[in-house]
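Data first, discussion second: the structure below is written as structure tokens.
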Amino acid sequence: MASHIARSTAPIVRWLRAGVMAALFAPCLPTWAAELPFARPRPQLYTAGQPSAAELQQAAAAGITTVIDLRQPDEARGFDEAAAAERLGLRYVRIPVAGAAGLTDANAQALRTALAQSQGPVLLHCASGNRAGALLAVLEARDGASVDQALQLGREAGMTSLEAPTRVLLEQDAAR
């Protein structure tokens, strides 16, 4: 009789044990898995418009290790983003992209290098996400994706008004 009770309660005990283990180890789970107010076109890549100081702090708390800023130096940010990133222990990379004219091989290569050097999740941003998505589309095409695949990634990352010039650029490159 006792063995019958033990067998019938075994699944409950295993379930309780799993719950206790999950509760104990939940703080050890990767913090980058937390919800952030950014697009997430790749598992360790977030894209956005200009983050606020609070969003930058939230990103750092969630485990983002690198911030890549595509805005021009003269674009208003509302706070000293580079200093805030440094205070939060984030690596800060600036790659100025001036609209469609900034969708260059040099900027795509600079983005590739910055992504390769990151030690964890990355936040890539511009003012609205438009340039971030467009430059990602260029990089994706340079890595062998079709024009449509590259543009899809760009849209997922925030590309809007730069889609038409990005398409023209990628189609010209594909024709070569």
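Quick notes on this one:
- Shape parameters for region 35-129, alpha-carbon atoms, Rg then Dmax in Å: 12.3, 35
- For the peptides 100-107, 147-154, the ranking by packing is 147-154, 100-107, with the highest mean count of neighbouring Cβ atoms within 10 Å listed first.
- Between region 30-107 and region 117-176, the alpha-carbon center distance in angstrom: 16 Å
None of the figures in this text is laboratory data; all of them are computed from the coordinates on show. Given the structure is predicted, the values throughout are model-derived calculations rather than measurements. Please note: Cβ atoms are built from the backbone with ideal geometry, for glycine as well, and neighbour counts cover all protein chains shown.
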